[in-house]
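Report on the structure given below.
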Amino acid sequence: METKIEYAAMRQIHVAIECYRQQHWECAITLAAAAEGMLPNTDEPHFRQRVKEFAGRAPEMEGFTNDPNAVINWLKHGNVDGERREIVAINNSEPPVIIWRAITKFYALYNFVSPQMLAWQSSMKQALIDSGVEPKRRWIAPRRLNLRGRDATPTSLGAIPG
């Protein structure tokens, strides 16, 4: 089988979304992080930049790390801040944040998202609204992906924040 980074990252994000829905958070995080990591670097705005900015402003607290990749690194290596840890607590915000990092980097590079990414985004937005939090950011205006080629069909959801 021949593939390319764009498709491999997209498929990793799709499976990360499914793992998240099944509450297999470790797998969701690992796959989303792998997708984000294999995508080429870009100066285009995406969510990882905001996560790093926020982590840099967060106060230091005993027993906690401000490293936005701490859970990702623990899942890969079993270490947090250079220390071996057999057990860590994964906050319920980690999987959606890391999936969102991957989706927004994918969008920044390819200027479209798949129907699965769009559906996940909509379900996360609705979950926030249902919990009483009104999302302040605009959401991605997706361009749907057909694996045989691109179909540039934007929706009316707005644009990625920039």
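Around the amide H of Val80, modelled in the peptide plane, lie the amide H atoms of Arg85, all under 5 Å away and 5 or more residues distant in sequence or on another chain. For Leu75 and Glu44, what is the calculated FRET efficiency with R₀ set at 35 Å and r taken between the beta-carbons, to the nearest 0.05? E between Leu75 and Glu44, to the nearest 0.05, is 0.85. Most tightly packed first, judged by the mean number of other beta-carbon atoms within 10 Å of their residues, the peptides 15-25, 72-82, 118-128 read 15-25, 118-128, 72-82.
Every number here is computed from the coordinates shown, using simple stated rules; none is lab data. Just so it is clear, the model here is predicted, and its values are computed rather than measured. For neighbour counting, all protein chains shown are included, and Cβ atoms are generated from backbone atoms with ideal geometry for every residue, glycine included.
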